[in-house]
Amino acid sequence: MTSIDHLVEEAVSLHDRALAARQEGDLDQAATLGREALHLFEKADGPDHPDVANVLLHLGGVSEDRAAYAEAEACYRRAVDIVDIYEAGDADLDHLRLQTWGDLAGVRRALGAYEEAEALYKRALDFAAATFGPEAQEIAALLNGLGVVYKFAGRFAEAESLYRRALAILECNLGPDHLEVAAIYHNLGGLEHARGHPARGEPYARRSVEILEQALGPEHPKVAADWVALAALLDELGRDDEAEKLYLEALAVFERTLGSEHYEVGATCNNLGALYQDRGQYDEAEAQHHRALAIQEEVLGSGHPEVGLTLHNLAVLHHAQELDEPADEYYRQALDIFQQTLAAEHPHAVACREDWGRLRERMQK
């Protein structure tokens with residue numbers, strides 16, 4: 001075995017261990033082992049080898065798990081630059097090419113760049129359909145990702161069509177209990193929530209939780225994220241005690257496994273704030289919303305639609321207490337964000353305009 005072969009063998013071993021650490025939720029170890037593998041692959045194969053791109057995808061995924069989206073984007077863009085050097089035709093490289101495009105699209109969606117994300121997903125889908133066929137397993141993750149873009153953009157019917165197509169492909173190829181199948185059920189539940197149909201969303205959310213708990217155990221952050229999704233539906237159904245219990249359990253898991261400033265912590269605090277607000281527990285609600293806002297602005301940037309949603313929640317909270325001046329300012333900030341990032345007919349934008357209009361009518365009396 002040559003020295004290069006030895007380096008590659010060691011790099012492969014490190015990468016495998018890094019992947020296992022991420023699966024177990026040990027992100028520090030996943031990042032450390034991934035960086036070591038990257039260094040060895042670069043040393044053995046050079047900086048533009050597909051193996052380097054593959055490890056960059058892992059490191060980008062770890063950064064996404066930590067909600068460090070700018071770091072993730074940098075990893076994915078470098079991976080895309082590498083795979084785009086090579087001609088199509090090699091099956092393994094074509095799979096890697098699809099993953100790099102899809103992962104970059106996903107992080108751009110997370111950062112609110114919906115038009116760019118849509119274009120990247122469509123590019124990947126066109127390539128995948130031409131290369132592997134329109135019903136190939138490789139298509140499913142891209143359909144799901146594009147569905148998420150459409151859901152966030154308020155294009156609900158298009159999102160549902162893509163989710164259901166992805167679900168059929170995955171259940172046919174992987175069986176009904178695979179983690180990728182759970183992700184589609186999670187998204188179907190979230191879509192029904194966004195449509196205002198929580199009762200239709202609950203069975204999807206419960207099915208996703210069931211699959212994940214069996215596969216990962218109750219202390220995994222992916223399981224906790226699905227508890228949050230289920231809790232949001234239960235809250236909409238008026239079962240706020242059940243919802244609060246799930247939110248608090250999820251928050252504890254996130255803080256233990258991801259840290260107190262992670263995106264998931266902020267999202268859960270925002271949901272808790274809305275629950276307390278509906279109960280009339282205004283002080284508790286405001287504290288949760290402000291904690292969420294601080295995390296979201298740090299992680300996502302001050303112009304992200306999710307920041308706008310939290311600002312809208314704060315506006316409604318102050319509106320309900322007849323604190324008109326701060327409510328007016330929160331509405332203004334929220335609508336500014338929605339107008340810059342969402343279509344005019346998006347439900348978030350419509351609700352904000354209507355709520356603000358009611359406040360302005362009261363202030364003018």
Would the stretch 1-21 turn up any residue that is under 19 Å from residue 220 (Cβ atoms), of a type in the set (Lys, Arg), in contact with a His (Cβ under 9 Å, 6 or more places away or on another chain) and part of a helix (DSSP H, G or I)? no
All conditions in (1) on the phi < 0 side of the Ramachandran plot; (2) acidic (Asp, Glu); (3) over 23 Å from the mean Cα position of the chain (by Cα) are true of residue 322 except (1)
In the stretch 17-41, residues that are at pLDDT 95 or above and of a type in the set (Asp, Glu) total 1
Looking at the stretch 95-106, can you tell me whether even one residue there is among the β-branched types (Val, Ile, Thr), touching a helix residue (DSSP H, G or I) at 6+ places or on another chain (Cβ under 6 Å), at pLDDT below 95 and within 30 Å of residue 302 (Cβ to Cβ)? no
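To keep it simple, each residue is scored yes or no on (1) more than 15 Å from residue 110 (Cα to Cα); (2) touching a residue at least 60 places away in the same chain (Cβ under 8 Å); (3) under 23 Å from the mean Cα position of the chain (by Cα).
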| site | (1), (2), (3) |
| --- | --- |
| 305 | no, yes, yes |
| 334 | yes, no, yes |
| 340 | yes, no, yes |
| 343 | yes, yes, yes |
Listing of helices (runs of 4 or more DSSP H) fully contained in the stretch 252-365 that carry 3 or more residues being within 27 Å of residue 68 (Cα to Cα): 263-279, 282-300, 305-320, 324-341
Boolean, residue 181 is of a type in the set (A, V, I, L, M, F, W, C), in contact (Cβ under 8 Å) with a residue 12 or more places away in the chain, touching a Gly at 6+ places or on another chain (Cβ under 9 Å) and surrounded by fewer than 23 Cβ atoms within 10 Å (Cβ to Cβ): yes
What's the total number of residues in the stretch 214-242 that are over 20 Å from residue 176 (Cβ atoms), without any contact (Cβ under 8 Å) to a residue 60 or more places away in the chain and part of a loop (DSSP other than H, G, I, E, B)? 4
Those residues of the stretch 167-226 which are among the acidic types (Asp, Glu), under 18 Å from the mean Cα position of the chain (by Cα) and farther than 23 Å from residue 255 by Cβ amount to 180, 192
The residue that is surrounded by the fewest Cβ atoms within 10 Å (Cβ to Cβ), considering only those in the stretch 150-174 that are aliphatic (A, V, I, L, M) and free of Cβ contacts under 8 Å to residues at least 12 places away in the same chain, is 157
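So that you can scan it fast, the table gives a plain yes or no per residue for (1) of a type in the set (Val, Ile, Thr); (2) in a helix (DSSP H, G or I):
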position	(1), (2)
31	no, yes
34	no, yes
37	no, yes
41	no, yes
55	yes, yes
59	no, yes
81	no, yes
89	no, no
Taking the stretch 271-297 and keeping only residues that are under 17 Å from residue 327 (Cα atoms), in contact with a helix residue (DSSP H, G or I) (Cβ under 6 Å, 6 or more places away or on another chain) and touching a residue at least 40 places away in the same chain (Cβ under 8 Å), one is left with 273, 277
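Residues checked against (1) surrounded by 14 or more Cβ atoms within 10 Å (Cβ to Cβ); (2) touching a Gly at 6+ places or on another chain (Cβ under 6 Å); (3) over 23 Å from residue 269 (Cα atoms); (4) modelled with pLDDT of 95 or more:
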{"position": "293", "(1), (2), (3), (4)": "yes, no, no, yes"}
{"position": "297", "(1), (2), (3), (4)": "yes, no, no, no"}
{"position": "302", "(1), (2), (3), (4)": "no, no, no, no"}
{"position": "315", "(1), (2), (3), (4)": "yes, no, no, yes"}
Would you check if residue 360 is surrounded by 14 or more Cβ atoms within 10 Å (Cβ to Cβ), out of contact with any Pro (no Cβ under 7 Å at 6 or more places or on another chain), in contact (Cβ under 8 Å) with a residue 12 or more places away in the chain and not hydroxyl-bearing (Ser, Thr, Tyr)? no
Residue that is of a type in the set (Gly, Ala, Ser), within 17 Å of residue 309 (Cα to Cα), modelled with pLDDT of 95 or more and crowded, with 21+ Cβ neighbours inside 10 Å, where the choices are 250, 232: 232
Going through (1) surrounded by fewer than 21 Cβ atoms within 10 Å (Cβ to Cβ); (2) part of a helix (DSSP H, G or I); (3) in contact (Cβ under 8 Å) with a residue 24 or more places away in the chain; (4) not small (Gly, Ala, Ser) one by one, residue 104 fails only at (1)
Test each condition in (1) under 25 Å from residue 192 (Cβ atoms); (2) aliphatic (A, V, I, L, M); (3) touching a helix residue (DSSP H, G or I) at 6+ places or on another chain (Cβ under 6 Å) for residue 317 and report the one that comes out false. (1)
Counting only residues that are modelled with pLDDT under 95 and either touching a helix residue (DSSP H, G or I) at 6+ places or on another chain (Cβ under 7 Å) or not basic (Lys, Arg) (or both), which one in the stretch 152-171 is nearest to residue 347 (Cα to Cα)? 154
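The values are calculated or read from the model by the stated rules, or taken from the named source; none is laboratory data. This structure is a prediction, so every number in the text was calculated from the model and none was measured. Quick reminder, even Gly has a Cβ in these numbers, built from the backbone with ideal geometry, and neighbours come from all protein chains shown.
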